[in-house]
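Heads up: the structure comes next, in structure tokens.
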């Protein structure tokens, strides 16, 4: 019986933590701005929102995310490397926000594993994945939340590539102290 329990625990931890999150929408974390543009513009109906985009952010409209139409998708870059993407989804006309939230949660949990509650954001859920490029305990993540405008926001982040950005943000914040 003890062997079975050990085997089951090893299987479960390998299944959960052995999964990898290396990007979103078939675009790998660390991709350049040009690679992201090319991949996104190859999607039917997708176009760059030039007014909102700059050298650190790309915004795309006309994007289908799975079976759903996204309000928009944004990609963040640091030193020409993609480290974070957010997908904003509005409930379809006939769909309620709670139903969309439940559907997305169910689909993500079916693809990956059960989410953790994430209290840092409204109705937040968190999926964490070991970053395969890090020897430390750094994770890539998906965060799902409900925005102020009653949309669903899915954020995909590379935990290692975002570290320099977080250091810069902290330095700016501390400079006001």
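Since every read-out is calculated from the coordinates, none of them should be taken as a lab result. All values derive from a computational prediction rather than experimental measurement. When we count neighbours, we look across all protein chains shown, and the Cβ atoms used for this are built from the backbone with ideal geometry, even at glycine.
Packing-wise, with mean Cβ within 10 Å as the measure, how do 30-38, 83-91, 116-124, 71-79 rank, highest first? Walk me through the numbers on the way to the answer.
Details: 30-38: 15.2, 83-91: 20.7, 116-124: 12.3, 71-79: 18.2.
Highest mean packing first, the order is 83-91, 71-79, 30-38, 116-124.
Here each label is just a point 7 Å from Cα along the line to Cβ, and for residue 136 and residue 120 those points are 1.5 nm apart.
Tell me the mean residue ellipticity at 222 nm calculated for the chain from its helices only (DSSP H runs of n ≥ 4, each -39500 (n - 2.57), averaged over every residue, nearest 500).
Values: 4 runs with 53 residues, N = 177.
Using -39500 (n - 2.57) per qualifying helix, the result is -9500 deg cm²/dmol.
Across the chain, C-alpha contacts under 8 Å between residues 6 or more apart give a mean separation that, scaled by the residue count, equals a relative contact order of 18 percent.
The distance between label points at residue 37 and residue 49 comes to 1.8 nm (points 7 Å beyond Cα on the Cα→Cβ vector).
Only one of the values (i) 1.13; (ii) 1.61; (iii) 1.07 was calculated from this structure for Cα Rg over 2.2 N^0.38 Å; name its label. Here the calculated entry is (i). Each residue, residue 22 and residue 98, gets one label point 7 Å from its Cα in the Cβ direction; the gap between the two is 4.0 nm.
Just checking the listed ones, 81, 51, 114: in the Gaussian network model of the chain with Cα springs under 10 Å, the one fluctuating most is 51.
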